[in-house]
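Down below is the structure, laid out as structure tokens.
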Amino acid sequence: EMIKAGVRIIYSTPKIKIHSKIALVLKKSRKKLKGYGYAGTGNFNETTARFYTDHAMFTARNEVLKDLQRLFTKLEKEKEPPKNAPNEFDHLLVSQYNMVNVFEDEISNQVKRKQAGQDALIRIKLNNLENTHMIDLLYKASQAGVPVKLIVRSICCISPGSPGLSENIEVKRIVDRFLEHSRIFIFGNEPDQKVYIGSADWMTRNLHHRIEVCAPVVDERLRKELVDY
């Protein structure tokens, strides 16, 4: 039915799940090609949209468009990411390429700030927190004195408030009318605060066996909107 409607179907290997929520719109305007990019935390689903809370960013920033174009090209041409895939993305965080490395660096930067006597803060909102490597990094941040504030909807394998291990880690779960589905990652405070949104939970399957995308939110007004949220 999709092919009849003019949709081009691209088959990937069954062991690679494309879980990212991205779109790239290209259109000709006065003989010039204009691009618009989308990166979000939830699906285009008319049913779940009624009771899932998600966030999405629509942008015309060239650096995002270039990375989206690069990723779509790779998804069309490559059946799966090569082993030890090199980072080919300058702006987006893409699992199996650069996502884990960027999150490692962001946590490490907060630890260094705290050790230098500066303000430091990690705030993360996820559906699931299970990957032992990322949990260990959060433990190390806590031991360095970095406040770690987590909102985890479902699976949560971190132990908060343990003396000598995680006394600076706080975990909350929101149970309400709507299902909290967004993934938001906030590192530090203004003026050098880093904010990301995207599709990836911190589970081994998401970080290492799927294609996930997180995007930095660089616009100051949009960053503030997410931080306030």
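The values are calculated or read from the model by the stated rules, or taken from the named source; none is laboratory data. These figures come from a predicted structure and were not determined experimentally. Cβ placement follows ideal geometry from the backbone for every residue including glycine, while neighbour counts extend to all protein chains displayed. Only protein heavy atoms, including side chains, enter the accessible area calculation; ligands, DNA and RNA are left aside. Shrake-Rupley method; radii C 1.70, N 1.55, O 1.52, S 1.80 Å.
Things worth noting here:
- Model label zone, I155; criterion: amide N under 15 Å from point 7 Å along Cα-to-beta-carbon; scope the stretch 186-229: 200-210
- For the cross-link pairs K74/K149; K4/K66; K125/K224; K66/K140, the ones whose C-alpha atoms lie over 24 Å apart are K74/K149; K4/K66; K66/K140.
- Protein accessible area in the chain, 1.4 Å probe - carbon and sulfur %: 50 percent
- Per residue, the chain exposes 58 Å² of accessible surface when a 1.4 Å probe is rolled over the protein heavy atoms with every protein chain present.
- Computed label-point distance, nm, for sites K112 and K15 using a 7 Å Cα→Cβ extension: 3.6 nm
- Under-5 Å amide H pairs with K17, H placed in peptide plane, nonlocal only: I211
- Amide H contacts of H181 (H built 1.01 Å from N, in plane; Pro and chain starts excluded): T53 sit under 5 Å, all sequence-distant by 5 or more or on other chains.
- Dividing the Cα radius of gyration of the chain by 2.2 N^0.38 Å, with N the residue count, gives 1.07.
- Sparsely packed trypsin sites (Lys or Arg not before Pro) within the stretch 152-187, loop by DSSP, other Cβ within 10 Å at most 10: R177
- Cα point-scatterer Debye curve for the stretch 72-154, base-10 log of I(q)/I(0) at q = 0.23 Å⁻¹: -1.11
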